[in-house]
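*Asks:* If you scroll down you'll find the structure; I have some questions about it.
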Amino acid sequence: MRITAVTCVKNEGPFLIEWIAFNRQIGVTDFLFYSNDCSDGTDALLDALAEQGHVQHLPNPAEGRNYQMEALKHAARRPVVTEADWIWIADVDEFLNIHVGDGTIPELIAACGTPSAISVTFQFFANDGIEAYEDRPVIEQFTRSHNPDIWCDELAQEVKTLTRADFPVQYFGAHRPFMKGGIKKAERPAWTDGSGRDVPWKFRVAANKNRKRKFPAKGARAFATLNHYALRSLDSYLVKNDRGDVNRENRAFDDSYWRDRNDPAWEDTSIHRYLPRLRDEMDRLMSDPEIARLHHAAVAAHRARRDALLEDPDFAALRDRLRDAPRIGPAEQALLEIIA
């Protein structure tokens with residue numbers, strides 16, 4: 001089975017080896033990376049990985065402000081996508097945590113009844129007071145999240161979607177494919193959540209803004225969860241804040257973004273079963289001296305950028321403010337104040 005992962009990156013150099021190694025062990029066979037204006041050596045590391053045949057790497061073709069959507073439009077015509085059996089569109093801070101069998105995508109597909117698409121629900125993993133960046137697996141360091149069924153004040157949560165080659169795609173979105181119009185009811189593709197249940201109809205047809213990329217999370221993760229490490233360490237979050245959104249121009253990561261994703265109420269270490277295999281695969285990738293050198297250079301650049309940012313009074317103040325911020329989101333805090 002040929003499974004292609006497509007992603008956009010900007011200054012994600014320290015995290016590439018882990019993400020590629022993780023996805024290889026769950027069954028991804030091909031990678032298509034688009035990079036945007038990197039200053040930490042991400043593009044050089046991807047070029048080295050491409051030279052060894054591990055990935056394909058292209059500069060982002062975007063000419064407008066929506067980098068990701070323009071890259072996905074370009075990707076849809078690339079042979080690495082058109083010749084794949086399945087396409088997985090995800091970001092480098094997202095890890096597909098599969099709960100069936102040995103934790104591979106083919107096993108997830110089988111558990112869901114071999115549909116044409118599987119939309120897996122996010123679970124946001126908190127920073128949980130971890131301040132210092134460490135060069136070791138993200139999935140090992142961050143183990144706490146919100147209650148999986150409730151995020152902030154919402155029962156509906158975002159998804160990312162595995163899409164089979166025969167799905168009638170009009171175009172790929174970041175969170176789900178959009179289906180061609182005029183398909184007869186009997187010919188509509190099977191489309192499930194991460195528990196093998198049919199996705200809600202309003203989500204399937206993108207009936208409104210609230211159902212374009214999310215649906216109720218309760219019961220949706222029996223076979224798989226999408227672990228989203230949007231914050232990582234406080235150090236890394238400062239660098240991310242400085243970098244801006246890799247997918248959209250002029251989007252900032254403010255205090256609310258941090259607080260919404262920093263609820264540590266729930267412990268979940270289920271993804272740790274991958275760690276032995278993950279480390280073996282990371283070691284294989286890093287056995288190439290040039291790849292190892294470029295990885296360590298990206299790590300050094302990440303730390304250097306953090307140090308430079310902390311010389312800026314605004315970023316130093318941001319660091320202090322985030323460290324001391326409540327560990328619930330503003331919407332949840334407002335609800336508690338109403339109840340009180």
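The values are calculated or read from the model by the stated rules, or taken from the named source; none is laboratory data. Values in this document were obtained by computation on a predicted structure and should not be read as measured data. Methodologically, a virtual Cβ is constructed for each residue, glycine included, from the backbone with ideal geometry; neighbour enumeration extends over all protein chains shown.
*Asks:* Across the range 286-313, what is the total count of residues that are among the acidic types (D, E) and assigned to a helix (DSSP H, G or I)?
*Replies:* Going through the range 286-313, the residues among the acidic types (D, E) turn out to be 288, 290, 307, 311-312.
This time we only want the ones that are assigned to a helix (DSSP H, G or I), so: 290, 307.
Residues flagged as among the acidic types (D, E) and assigned to a helix (DSSP H, G or I) within the range 286-313 amount to 2.
*Asks:* Does D260 satisfy the criteria of being charged (D, E, K, R), in contact with a Lys or Arg (Cβ under 8 Å, 6 or more places away or on another chain), modelled with pLDDT under 95 and surrounded by 16 or more Cβ atoms within 10 Å (Cβ to Cβ)? Lay out the reasoning, then the answer.
*Replies:* Working: charged (D, E, K, R): yes; in contact with a Lys or Arg (Cβ under 8 Å, 6 or more places away or on another chain): no; modelled with pLDDT under 95: yes; surrounded by 16 or more Cβ atoms within 10 Å (Cβ to Cβ): yes.
Spelling it out, it is not the case that D260 is charged (D, E, K, R), in contact with a Lys or Arg (Cβ under 8 Å, 6 or more places away or on another chain), modelled with pLDDT under 95 and surrounded by 16 or more Cβ atoms within 10 Å (Cβ to Cβ).
*Asks:* Starting from the range 200-217, keep only residues that are surrounded by 14 or more Cβ atoms within 10 Å (Cβ to Cβ), then list their pairs with residues that are β-branched (V, I, T) whose Cβ atoms are within a distance under 7 Å, requiring at least 6 positions of separation or different chains.
*Replies:* R213/V159; K214/V159; F215/V199; A217/T121
*Asks:* Looking at (1) assigned to a loop (DSSP other than H, G, I, E, B); (2) without any contact (Cβ under 8 Å) to a residue 60 or more places away in the chain, find the lone condition where E70 falls short.
*Replies:* (1)
*Asks:* Would it be correct to say that F178 is free of Cβ contacts under 8 Å to residues at least 60 places away in the same chain, in a strand (DSSP E or B) and not polar (S, T, N, Q)?
*Replies:* Working: free of Cβ contacts under 8 Å to residues at least 60 places away in the same chain: yes; in a strand (DSSP E or B): yes; not polar (S, T, N, Q): yes.
Yes.
*Asks:* Can you confirm whether P115 is surrounded by 16 or more Cβ atoms within 10 Å (Cβ to Cβ) and in a loop (DSSP other than H, G, I, E, B)? I'd like the intermediate steps shown before the answer.
*Replies:* Numbers: surrounded by 16 or more Cβ atoms within 10 Å (Cβ to Cβ): yes; in a loop (DSSP other than H, G, I, E, B): yes.
Here the answer is yes, as P115 does meet what is asked.
*Asks:* Next question, about the same structure. Pick out the one residue from G196, G219 that is out of contact with any helix residue (DSSP H, G or I) (no Cβ under 8 Å at 6 or more places or on another chain) and either within 27 Å of W19 (Cα to Cα) or modelled with pLDDT under 95 (or both). Walk me through it before giving the result.
*Replies:* Numbers: G196 fails: out of contact with any helix residue (DSSP H, G or I) (no Cβ under 8 Å at 6 or more places or on another chain).
Checking each option against the conditions leaves just G219.
*Asks:* Given the residues V159, V100, V92, which is the only one that is closer than 20 Å to D268 by Cα, at pLDDT 95 or above, in a loop (DSSP other than H, G, I, E, B) and within 15 Å of the chain's Cα centre (by Cα)?
*Replies:* Numbers: V159 fails: in a loop (DSSP other than H, G, I, E, B); V100 fails: within 15 Å of the chain's Cα centre (by Cα).
Within the list V159, V100, V92, the selection yields V92.
*Asks:* Is it true that Y67 is aromatic (F, W, Y), surrounded by fewer than 22 Cβ atoms within 10 Å (Cβ to Cβ), out of contact with any Gly (no Cβ under 9 Å at 6 or more places or on another chain) and more than 24 Å from K218 (Cβ to Cβ)?
*Replies:* Working: aromatic (F, W, Y): yes; surrounded by fewer than 22 Cβ atoms within 10 Å (Cβ to Cβ): no; out of contact with any Gly (no Cβ under 9 Å at 6 or more places or on another chain): yes; more than 24 Å from K218 (Cβ to Cβ): yes.
In short, no.
*Asks:* Here's another thing I want to ask about it. Looking only at the range 5-24, which residues are among the β-branched types (V, I, T) and touching a Ser or Thr at 6+ places or on another chain (Cβ under 7 Å)?
*Replies:* Going through the range 5-24, the residues among the β-branched types (V, I, T) turn out to be 6-7, 9, 17, 20.
Selection gives V9 alone.
*Asks:* Return yes or no: is G27 crowded, with 24+ Cβ neighbours inside 10 Å, touching a residue at least 40 places away in the same chain (Cβ under 8 Å) and among the small types (G, A, S)? Even if it seems obvious, please write down each step before you answer.
*Replies:* Values: crowded, with 24+ Cβ neighbours inside 10 Å: no; touching a residue at least 40 places away in the same chain (Cβ under 8 Å): yes; among the small types (G, A, S): yes.
So G27 fails the test.
*Asks:* I'm trying to understand the selection: among the residues of the range 162-175, which are assigned to a loop (DSSP other than H, G, I, E, B) and either in contact with a strand residue (DSSP E or B) (Cβ under 8 Å, 6 or more places away or on another chain) or closer than 13 Å to W88 by Cα (or both)? I'd like the intermediate steps shown before the answer.
*Replies:* Kept after step one, since they are assigned to a loop (DSSP other than H, G, I, E, B), are these residues of the range 162-175: 165-168, 173-175.
Correct list: A165, F167, P168, G173, A174, H175.
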